[in-house]
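A short worksheet on the structure shown next.
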Amino acid sequence: MVVAQSIFLEFNLPNATTWFYFSLLLSVALFFKFSRLLSMRNWDVLTLPLLVPGLLLLKESGGDNWFGYLWLICGSGYLLVRCFIDLTLVSRPALSPNLNLGGLAWLAGALFVCLTAVAVRQTNDPRGTANKTAPIETFERKVEDQVHHQAKATDAAEIDAPFLVSRTLALSCHLAIVVGLVFVGGWHFKDWHAGMAAATFYLLLPYTALDVARWHHVWPMALTVWAVATYRKPTAAGVLLGLAAATTYFPVLVFPVWLSFYWRRGAGRFVGSFALTSGLCLAVIASFLWIDDELASSFRSALSLPTWQPWIEPLHSTQGLWSATHWAYRMPIFIAYLALVVTTAFWPSPKNLAQVLALSAAVLIGIQFWYADQGGIYVLWYLPLLLLLVFRPNLSDCRPLPIPPEGDWLTRLGRALSRLFLRVLRIPEPVARAERN
């Protein structure tokens with residue numbers, strides 16, 4: 001009986017190298033169209049795992065491998081060019097995956113269960129942890145300390161509460177991305193099959209399993225994917241992107257892309273909801289730090305870190321391509337990156353949803369080139385957007401809907417507040433407005 005239990009219950013997860021080869025073979029079997037060998041879809045299926053060898057080199061060396069970072073930067077350069085090429089692709093043939101919708105849904109569910117096993121059994125990442133500068137990462141440490149303190153107070157020595165909380169949050173964010181990809185495919189692409197294919201590919205690629213525990217990397221992209229899903233509601237999209245920008249700094253860099261997307265079609269409410277949400281979120285985080293008397297020190301620490309400031313020499317403990325390259329070369333790259341961000345606010349104009357996806361992914365990929373600490377490893381910052389590019393149809397008609405002022409609730413609310421303000425101050429309404437009302 002003991003022998004039978006050891007046979008059926010002794011299950012070992014594959015290592016990262018085995019998963020890389022297995023996922024590549026399965027990806028080709030599922031998504032490669034053998035009847036159209038020269039299609040862009042086939043090229044994307046083969047090149048999306050391009051960064052995995054660099055990550056494997058860093059995993060083996062504990063994060064200290066200059067050639068691994070060079071591989072990641074070169075691969076990121078290719079993905080950046082791929083985003084720009086996508087701006088020119090208007091006609092997209094409908095290429096369905098080689099497995100039907102039910103089969104993809106079953107496979108995605110099985111992969112998520114496997115991802116849960118990886119998250120539960122995964123130890124600390126040997127690549128190390130990047131310098132924590134984002135507000136959500138500071139808040140994360142506070143939450144983990146509080147949970148750890150509560151666990152000690154209740155004598156729950158057998159349960160690693162911070163580990164459980166971080167893994168649960170990470171898996172919840174991954175699940176939100178998976179559901180968001182399916183929703184975008186079914187609702188906006190008009191193809192549930194394509195949405196399920198994107199979600200399955202997301203779970204199949206090694207990037208997700210390698211960084212399954214870094215919930216602060218997945219959290220902002222979960223919000224961004226749902227901002228894409230709710231793009232027809234500029235207020236909802238502004239709330240989601242504002243929350244992502246307030247908790248991790250980099251989503252604020254896609255703000256010009258989205259602002260030009262909503263120009264004259266809800267830009268005001270998008271900006272207002274974005275600013276209000278990010279302001280409230282930052283106020284909440286600042287209040288927690290102020291209560292613990294760490295607000296001033298956290299603020300000074302964030303301003304002194306050279307990780308995100310290319311005009312300051314990186315710390316000696318910094319890992320990445322810039323640890324062996326003179327830091328002064330970061331500055332021209334950063335200036336070129338700022339030029340890209342500014343350009344996205346004006347070109348192309350007007351934008352459709354496909355162009356927003358491509359430019360948002362390009363902006364997030366561009367951070368990898370000048371970010372000092374482990375630049376290139378942050379694939380989850382933009383991976384879901386790349387998958388939407390791979391499986392998208394022609395989205396030239398997907399633009400924000402015009403907002404008629406007559407039936408708009410926000411316009412009516414503004415007029416009501418204006419009339420109330422005039423009555424409180426006892427100012428007579430203009431004749432034209434009174435006649436219209």
query: Among the listed residues Leu37, Leu30, which satisfies the condition of being within 19 Å of Leu111 (Cβ to Cβ), in the same structural domain as Tyr207 (by TED's automatic domain parsing) and out of contact with any strand residue (DSSP E or B) (no Cβ under 9 Å at 6 or more places or on another chain)?
result: Leu30
- prompt: For the stretch 377-398, what are the residues that are among the β-branched types (Val, Ile, Thr) and surrounded by 24 or more Cβ atoms within 10 Å (Cβ to Cβ)?
  reply: Ile377, Val379
message: Checking the structure you have, find out if any residue of the stretch 297-320 is under 22 Å from Trp219 (Cα atoms) and either outside the structural domain of Leu89 (by TED's automatic domain parsing) or assigned to a loop (DSSP other than H, G, I, E, B) (or both).
response: yes
message: I'd like the residue in the stretch 295-321 that is more than 24 Å from the chain's Cα centre (by Cα) and at pLDDT 80 or above and, out of all such residues, is surrounded by the fewest Cβ atoms within 10 Å (Cβ to Cβ).
response: Trp311
field: helices (runs of 4 or more DSSP H) wholly inside the stretch 1-104 containing at least 2 residues that are polar (S, T, N, Q), surrounded by 16 or more Cβ atoms within 10 Å (Cβ to Cβ) and touching a residue at least 24 places away in the same chain (Cβ under 8 Å)
entry: 16-31
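Residue-by-condition table, conditions (1) under 21 Å from Tyr69 (Cβ atoms); (2) touching a Lys or Arg at 6+ places or on another chain (Cβ under 8 Å); (3) in a loop (DSSP other than H, G, I, E, B):
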| site | (1), (2), (3) |
| --- | --- |
| Ala328 | yes, no, no |
| Met331 | yes, no, no |
| Thr343 | no, no, no |
| Gly375 | yes, no, yes |
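What residue, of Leu385, Leu401, is under 17 Å from the mean Cα position of the chain (by Cα) and among the aliphatic types (A, V, I, L, M)? Spell out the reasoning first.
Numbers: Leu401 fails: under 17 Å from the mean Cα position of the chain (by Cα).
Every option except Leu385 fails the conditions.
Please verify whether Leu9 is modelled with pLDDT of 85 or more and either of a type in the set (A, V, I, L, M) or on the phi > 0 side of the Ramachandran plot (or both), treating the condition exactly as stated. Steps first, answer last, please.
Working: modelled with pLDDT of 85 or more: no; either of a type in the set (A, V, I, L, M) or on the phi > 0 side of the Ramachandran plot (or both): yes.
Against the criterion (modelled with pLDDT of 85 or more and either of a type in the set (A, V, I, L, M) or on the phi > 0 side of the Ramachandran plot (or both)), Leu9 does not qualify.
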task: Could you tell me whether any residue of the stretch 369-376 is buried (at least 21 other Cβ atoms within 10 Å of the Cβ), aliphatic (A, V, I, L, M) and in contact (Cβ under 8 Å) with a residue 60 or more places away in the chain?
output: yes
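The values are calculated or read from the model by the stated rules, or taken from the named source; none is laboratory data. Please read all numbers here as calculations on a predicted model, not as lab measurements. Here Cβ is always computed from backbone atoms with ideal geometry, including for glycine, and neighbour counts include all displayed protein chains.
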